[in-house]
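Undergrad: Got a structure here, written out as structure tokens. Questions coming.
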Amino acid sequence: MDHLAIIGAGSVGTAIAFAALNGGVARRLSLHDLDGTKAKAEVLDLRHGLQFVRPTTIEGGDDVAVCAGADVVVITAGAKQRPGENRLDLVARNAELFRALIPPLIEVAPDAKILVVTNPVDVLTQFAAEITGRSGGTVLGSGTVLDSSRLRHLLSLRFCIAERHIHASVVGEHGDTETVLWSSATIGGSPLAEVETSDGQLLDDESRAAILGQVRNAAYEIIAGKGATSWGIAMATAQILEALDQTTQAAVLPVTAPLDPGLGLGSVCISLPRLVDASGAGRVLPLSATDLERETLAASAAAVTDTFASIR
């Protein structure tokens, strides 16, 4: 893409800038933060590595005009998740920020796709879509792309098989009510349920529950140890950005975006495997799930719906 703008020069925003720069995602990268001195210092630090990446123009500061004409705006600005605080507890603190932030953004970059990374990402993606008045998937969130990567990593350890050969998705809310579509998970094209782990066992319900618990709690463990997650979400966001630059072939990613009411989950933003390309978050792929998985997914959608209602 021509111009990528990132809002927020904290640990997540700068990690995304670093990942995007190394991936050659954009010819021009802008970093905006209310702390202009911090943004400019991060830009200078990134510029010092330009010799080692594709030609890129980097700029930054506290003036929203730095985002003018952006093709994609990534929003990472927001309050940090505190130890012991779940993502939905963040909503009141970050909703006010979005009310002030988004109108001037769409004024200077009216055609930009908006990619929300700030937590709670599902609620804030829906809030951003409402503020902009947009439909059609041009406002989307990072959703459970990172959660699905965490899941595949844990499964790769259990099966001793590389992550790229494991196809399993976390769906629903990016947080405590998310679930795994175990029934449609595959390894090398074979149903995961039929593949033996490295110790010669099938993955039973107890093991599946333990793995899902690890996925759900991964962020809390990282936050307790270093204060915030950054590198994993940066790499997940870079993958989404690459998809948003594709005009010929779509990627399939579990991003969060407004659902079609016809899916029976309400007009809520939760993550399901979708086509993602230069037009934004496209249609949801046909959902293969058991009745229990559908019930759990519906409960996750209801939790996000209830939280969203609290900020309107």
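The values are calculated or read from the model by the stated rules, or taken from the named source; none is laboratory data. No experiment lies behind these values; they were computed from the predicted model shown. Cβ atoms come from the backbone with ideal geometry, glycine included; neighbour counts cover every protein chain shown.
Undergrad: Does the stretch 107-137 hold any residues that are more than 23 Å from SER271 (Cα to Cα) and either buried (at least 20 other Cβ atoms within 10 Å of the Cβ) or in contact with a Phe, Trp or Tyr (Cβ under 8 Å, 6 or more places away or on another chain) (or both), and which are they?
TA: Matches in the stretch 107-137: ALA109 only.
Undergrad: Tell me the residue from LEU192, LEU151 that is under 25 Å from GLY78 (Cβ atoms), modelled with pLDDT of 95 or more, buried (at least 20 other Cβ atoms within 10 Å of the Cβ) and not small (Gly, Ala, Ser), please. Don't jump to the end; show me each part of the working.
TA: Values: LEU192 fails: under 25 Å from GLY78 (Cβ atoms).
Among LEU192, LEU151, only LEU151 is under 25 Å from GLY78 (Cβ atoms), modelled with pLDDT of 95 or more, buried (at least 20 other Cβ atoms within 10 Å of the Cβ) and not small (Gly, Ala, Ser).
Undergrad: Right, next: For the stretch 41-53, does any single residue satisfy the condition of being under 25 Å from THR248 (Cα atoms), surrounded by fewer than 22 Cβ atoms within 10 Å (Cβ to Cβ) and among the charged types (D, E, K, R)?
TA: no
Undergrad: Which one of these is more than 17 Å from GLU173 (Cβ to Cβ), modelled with pLDDT of 95 or more and of a type in the set (D, E, K, R): ASP277, ASP291, ASP260?
TA: Exactly one of ASP277, ASP291, ASP260 is more than 17 Å from GLU173 (Cβ to Cβ), modelled with pLDDT of 95 or more and of a type in the set (D, E, K, R), namely ASP277.
Undergrad: Moving on to the next point. Here are some residues: ALA218, ALA224, ALA209. Which one is surrounded by fewer than 17 Cβ atoms within 10 Å (Cβ to Cβ), assigned by TED's automatic domain parsing to the domain that holds VAL255 and touching a Gly at 6+ places or on another chain (Cβ under 9 Å)?
TA: Among ALA218, ALA224, ALA209, only ALA224 is surrounded by fewer than 17 Cβ atoms within 10 Å (Cβ to Cβ), assigned by TED's automatic domain parsing to the domain that holds VAL255 and touching a Gly at 6+ places or on another chain (Cβ under 9 Å).
Undergrad: Restricted to the stretch 71-90, and to residues that are among the hydrophobic types (A, V, I, L, M, F, W, C) and either part of a helix (DSSP H, G or I) or out of contact with any helix residue (DSSP H, G or I) (no Cβ under 8 Å at 6 or more places or on another chain) (or both), which residue is modelled with the highest pLDDT?
TA: Across the stretch 71-90, the extreme among qualifying residues is LEU90.
Undergrad: Test each condition in (1) among the hydrophobic types (A, V, I, L, M, F, W, C); (2) within 16 Å of the chain's Cα centre (by Cα); (3) farther than 18 Å from VAL304 by Cα for ALA128 and report the one that comes out false.
TA: (3)
Undergrad: Look through LEU253, LEU265 and report the one residue that is more than 16 Å from the chain's Cα centre (by Cα), buried (at least 18 other Cβ atoms within 10 Å of the Cβ) and assigned by TED's automatic domain parsing to the domain that holds ARG152. Spell out the reasoning first.
TA: Values: LEU253 fails: more than 16 Å from the chain's Cα centre (by Cα).
From the options LEU253, LEU265, the qualifying one is LEU265.
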